[in-house]
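The values are calculated or read from the model by the stated rules, or taken from the named source; none is laboratory data. All values reported here derive from a predicted model rather than from experimental measurement. Backbone-built Cβ (ideal geometry, glycine too); neighbour counts: all protein chains shown. For the accessible areas, the whole protein counts, side chains as well, though only heavy atoms, and no ligand, DNA or RNA atoms are used. Shrake-Rupley method; radii C 1.70, N 1.55, O 1.52, S 1.80 Å.
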Amino acid sequence: MQATPLQDVFESTLSTKGWYSPNPDELTTQFKTFEKNIQTKVVTPTINALILPHAGYTWSGQVAFHGISRLPKDYYKRVIILGPSHHVSLANKISILDVAAYKTPLGEIPLDTKTIQELRKSPYVTTQKSAHTNEHSVQIEIPLIQHQLGNIQIVPIVVGQLNKDSIRGIGQLLKPYWDSDTLIVISSDFVHYGQRFGYVPFTDNIPINLTNLDLGAAQYIQNKDMEGFDTYIQQTKATICGRYPISILLSMLEPHHDAALIHYTTSGKLTNDFSNSVSYMSYAITTPEPVLPLSDVVLKLAKDTAIYYLTHHQKPDVDTVLPTIPDALNEHKGVFVTYRKKGHLRGCIGEIIATKPLYQAIMNQSINACVMDRRFNPVTLDEFKELEIEISILSAPYVINDYTEIELGTHGVIIEKNGKSAVFLPEVATDQNWNRDQLLSALSQKAGLNASDWKEGA
């Protein structure tokens, strides 16, 4: 990305302090390694918010990547990042810098300055540069966002020490901006255990007790219970550094939101030394998808498969794009997938004779129509957003004795003669406004025959 002209840029200093590599190639390689280590790759377009850890990538990067890798690249326009202030007192305040962009080793990422200017009108919002300069909680999330979501706008917020009224007030302040195009990222590690952190609530069975303590807090997140989460921390004194950003998120949740743990580990487990240990979680807030009609399921399957392939350059597992397979998609039927761009054909490939379950055929041909149709250049991820998709599910072909049996717009037609063949899908006749004679003449020519060859011996 080119430098932002005539406007301030806040440059992250974490790479100079060992939080991550200052070399963009090394950083990208590290992220790709994290991605390869994830056994089950899942893309989840229904994610509204993520809770991610904020230690150096060597420690918590793998856990963070379990969460960030679930995000599709083209579903969000903005990310609001909320991280705790570790060093500067911000009593009942949040701080947002008045700059145009943040800069990391992966380049500049623009801020949503319009939204920030609107937020700055609130008495809860301040601009305290010292709260950002040495604060890793927000900065550590940005390269992950750049890698996964590209050149997206962000709203980076450092959160101070809040009472319940401030938690709810800030939640209400941010909620109007939490639309379907906006992802919220909450930056928080979980329990910090050991003398180094001044927190030693137990000395026996530390791994088990630590897990129980962390998951006890996570249960209140899953229950969307801000009051219970606050009470739990007060009672256990659990050293969860992002408690206030988490509480803001909990205050914003609605009954339709679901919360689920994605991945969890501790630094004690990584080093096999629990004398001092920090816990790391990835947690997702999602909106469950409504039950769709079968036609919508088919279209969504094709689209999600294509997006995954264009993003990851490999075919997804079916569980990634279709967790539950309807019975109808286990039937063996032929299928064609057609992509159009502004009404013009952009790719069309299919199989007439069924050789596999329909869901597999749809996935295969969705990818093929994007990148294997030799008439066109491969579709790019950016271009895919402009395409219209059509799925044609075919019944088994059968021979007709008289061409007048063809029902235009309902029947697809296969012609065979002298070892040559061709096919038209049902919509071709209606799209071209052809009658039967015109349809069969064009189909004969498509097969490499003369226009009138359909009339005898075909």
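Surface analysis of region 155-284 yields an accessible area of 41 Å² per residue, using protein heavy atoms and a 1.4 Å probe. With each label modelled as a point 7 angstrom along the Cα→C-beta vector, the residue 126-residue 205 pair spans 4.5 nm. Surface composition of the chain: carbon and sulfur atoms hold 48% of the protein heavy-atom accessible area at a 1.4 Å probe. For the chain, the 222 nm mean residue ellipticity estimated from helices alone, with every DSSP H stretch of n ≥ 4 adding -39500 (n - 2.57) and the total spread over all residues, rounds to -10000 deg cm²/dmol.
A simple spin-label model places pseudo-atoms 7 Å from Cα toward Cβ; at residue 257 and residue 332 they are separated by 4.8 nm.
Pairs over the 22 Å Cα-Cα cut-off, from the set 103/175; 77/103; 114/385: 103/175; 114/385. With R₀ fixed at 45 Å, the C-beta to C-beta distance from residue 430 to residue 40 puts the FRET efficiency at about 0.55.
Distance from the Cα centroid of region 54-86 to that of region 219-259 is 19 Å (rounded to whole angstrom).
Sequentially through region 371-384, phi angles give Karplus couplings (6.51, -1.76, 1.60; θ = phi - 60°) of 10, 10, 6, 5, 6, 9, 5, x, 6, 9, 4, 5, 5, 4 Hz, Gly and Pro residues having no value and appearing as x. Stokes-Einstein D for region 266-332 at 20 °C, 1.002 mPa s, Kirkwood Rh over Cα pairs, in µm²/s? This corresponds to a translational diffusion coefficient of 139 µm²/s. Inter-part distance, region 280-326 to region 361-384, computed on C-alpha centroids, equals 17 Å. Histogrammed with a bin width of 10 Å, the alpha carbon distances of region 61-101 distribute as 18, 38, 34, 10 percent, first bin at zero. Amide H contacts of residue 346 (H built 1.01 Å from N, in plane; Pro and chain starts excluded): 339, 340, 341 sit under 5 Å, all sequence-distant by 5 or more or on other chains. Mean separation of Cα pairs under 8 Å and 6 or more residues apart, divided by the residue count, gives the chain a relative contact order of 14 percent. The mean accessible area for residues of region 311-406, using a 1.4 Å probe and ignoring ligands and nucleic acids, is 57 Å² per residue. Taking only the C-alpha atoms of the chain, the Rg (one decimal) and the largest Cα-Cα distance, Dmax (whole number), read 27.6, 92 Å.
Surface analysis of region 12-121 yields an accessible area of 41 Å² per residue, using protein heavy atoms and a 1.4 Å probe. The candidates 214, 179, arranged from most to least accessible area with a 1.4 Å probe in the full protein assembly, appear as 179, 214.
Applying both filters, DSSP loop and at most 13 other Cβ atoms within 10 Å, to the GluC sites (Glu not before Pro) of region 339-432 gives 386, 407. Residues in region 404-414 carry Karplus couplings, in order, of 6, 6, 5, 9, 4, x, 10, 9, x, 10, 10 Hz; the curve used is 6.51 cos²θ - 1.76 cosθ + 1.60 with θ = phi - 60°, and Gly or Pro positions show x.
Direction-averaged projected area, Cα convex hull, region 242-377: 13.5 nm², rounded to one decimal.
At the residue level, residue 372 shows approximately 110 square angstrom of accessible surface with a 1.4 angstrom probe and all protein chains present.
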